[in-house]
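One structure is given below, encoded as structure tokens.
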Amino acid sequence: MRAAYYEGSQRFRIGDCAPVPPGPAQVQIRVSHCGICGTDLHVFQGHMDDRVRVPQVIGHEMSGAVAAVGDGVNGFAPGDRVTVRPLDYCGSCPACRAGHSHICQKLKVLGVDAPGAMQGLWTVPARTLHRLPETLSLEQGALVEPLAVACHDVRVGEVAPGEYVVVQGGGPIGSLIALVARREGARVLVSEVNPFRRKLAARLGLDAVNPCDTDLLELVNGQTGGAGADVVFEVTGSASGAESMARLPRTRGRVVVVAIFAEPPRVDLHRFFLREVKMTGARVYEPEDFEKAIEVAASGTLPLGSVITDVLPLEGVDSAFRQLESGGEVMKILIRCGD
């Protein structure tokens, strides 16, 4: 079996790996596809060196089929098509005891804090598995994890039919948030500086503008009768995004912070005070978000295939990361891990 090892300093090595047999309550998966996400880019750029033990296999957006099961595993058998909700929680901290294990105070993310999916065979806790329907391709099955992020974000944002939603950032997560919000009946505007991503948003049927040459506040006010946005999703992680997320919501509107900010941003809290705006963080997802994402993906109602701009073999992982880092004409790249 082969794997892509992140070795630090923006370097990958493709090499052999010894499959880990599944122990009690574990499942071994034959990985089909693995997507590259923003967190993986943070790893590649060295921002998470305190968590990643190099050399390490990374990656957590995946699809595959069960290869073997350990003792005590019920409900899954070899050949079952699955994806992984890559959160390993302790079950005993205050967050877990309160029913919020997805934000466990000792949370380990598989593919970051532990070996990930960019390998032929991956062994994980059985409790992390979700079954994929036969009607969903394994390529699109690898999009379930980021789609679950979007489903969680839209649920946390309490998006309702007829509401006006602004998504700041038209990358993979922002685009999926926009698609899910539109599916919930909202009017959606995407703010994105990358021209390729704006064109892709238009092909997805979304309204998209460049905030560098558009007065976003004037546009939003013009489309809402001066009220402002019902919900703003901040997905850019930029200083300008933090600034505009405070200006755009209506009175008692909502802001959902999705992005990871490399540096603490300046935020106009006085604006939150004036309009009684509610701000919520949205980190990952819960089991119900994964099930919702699988249902939505299998329904064929979202143009998920259009979000995938390339599928590369395992040997192309370094090229894939450099393409994504360049910010050019690329959206979601999948790595084909299977034979």
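The values are calculated or read from the model by the stated rules, or taken from the named source; none is laboratory data. Being a predicted model, the structure only gives us computed values, none of them experimental. Glycine gets a Cβ as well: all are built from the backbone with ideal geometry, and neighbour counts include every protein chain shown.
Of all residues in the stretch 310-328, at least one satisfies being at pLDDT 95 or above, among the β-branched types (Val, Ile, Thr) and touching a Lys or Arg at 6+ places or on another chain (Cβ under 7 Å).
Tell me yes or no: at least one residue of the stretch 23-45 is among the aromatic types (Phe, Trp, Tyr), over 28 Å from Ala297 (Cβ atoms) and within 23 Å of the chain's Cα centre (by Cα).
Going through the stretch 23-45, the residues among the aromatic types (Phe, Trp, Tyr) turn out to be 44.
From what's left, over 28 Å from Ala297 (Cβ atoms): none.
No, the stretch 23-45 contains no residue that is among the aromatic types (Phe, Trp, Tyr), over 28 Å from Ala297 (Cβ atoms) and within 23 Å of the chain's Cα centre (by Cα).
Could you tell me whether Gly99 is out of contact with any helix residue (DSSP H, G or I) (no Cβ under 8 Å at 6 or more places or on another chain) and farther than 25 Å from Phe321 by Cβ?
Taking the combined requirement at face value, the residue satisfies it.
In the stretch 146-174, the residue that is surrounded by the fewest Cβ atoms within 10 Å (Cβ to Cβ) out of those that are in contact with a helix residue (DSSP H, G or I) (Cβ under 6 Å, 6 or more places away or on another chain), among the small types (Gly, Ala, Ser) and not in a loop (DSSP other than H, G, I, E, B) is Ala148. Of all residues in the stretch 294-339, those that are buried (at least 17 other Cβ atoms within 10 Å of the Cβ), touching a His at 6+ places or on another chain (Cβ under 9 Å) and outside any loop (DSSP other than H, G, I, E, B) total 4.
Suppose the filter is modelled with pLDDT of 95 or more, out of contact with any Cys (no Cβ under 9 Å at 6 or more places or on another chain) and either buried (at least 20 other Cβ atoms within 10 Å of the Cβ) or assigned by TED's automatic domain parsing to the domain that holds Thr301 (or both); does Leu217 pass it? Before the answer, list the steps.
Values: modelled with pLDDT of 95 or more: yes; out of contact with any Cys (no Cβ under 9 Å at 6 or more places or on another chain): yes; either buried (at least 20 other Cβ atoms within 10 Å of the Cβ) or assigned by TED's automatic domain parsing to the domain that holds Thr301 (or both): no.
Criteria not met by Leu217.
Scanning the stretch 89-103 for residues being assigned to a loop (DSSP other than H, G, I, E, B) and not aliphatic (A, V, I, L, M) gives a total of 7.
Hey, which of the strands (runs of 3 or more DSSP E) in the stretch 25-88, taking only ones fully inside, have at least 1 residues that are free of Cβ contacts under 8 Å to residues at least 60 places away in the same chain? First the steps, then the outcome.
Working: elements: 26-35, 61-69, 81-84.
Fully inside the stretch 25-88 and qualifying: 61-69, 81-84.
Would you list the strands (runs of 3 or more DSSP E) that sit entirely within the stretch 194-284 and hold 1 or more residues that are free of Cβ contacts under 8 Å to residues at least 24 places away in the same chain? So the answer is 207-209.
Does Val258 qualify as being modelled with pLDDT of 95 or more and over 26 Å from Pro195 (Cβ atoms)? Answer is no for this residue. Output yes when any residue across the stretch 116-129 is surrounded by fewer than 24 Cβ atoms within 10 Å (Cβ to Cβ) and under 15 Å from the mean Cα position of the chain (by Cα), and no when none is. No.
Residue-level analysis places Gly59 outside the set of residues that are under 14 Å from Gln26 (Cβ atoms) and either surrounded by 19 or more Cβ atoms within 10 Å (Cβ to Cβ) or modelled with pLDDT of 95 or more (or both). Restricting attention to the stretch 104-145, which residues are under 20 Å from Val52 (Cβ atoms), touching a residue at least 40 places away in the same chain (Cβ under 8 Å) and not in a strand (DSSP E or B)? Gly111, Val112, Asp113, Pro115, Gly116, Ala117, Met118, Thr128, Glu145 - these are the residues of the stretch 104-145 that are under 20 Å from Val52 (Cβ atoms), touching a residue at least 40 places away in the same chain (Cβ under 8 Å) and not in a strand (DSSP E or B).
Among the residues making up the stretch 29-69, those that are touching a Gly at 6+ places or on another chain (Cβ under 6 Å) and among the hydroxyl-bearing types (Ser, Thr, Tyr) are Ser32, Ser63.
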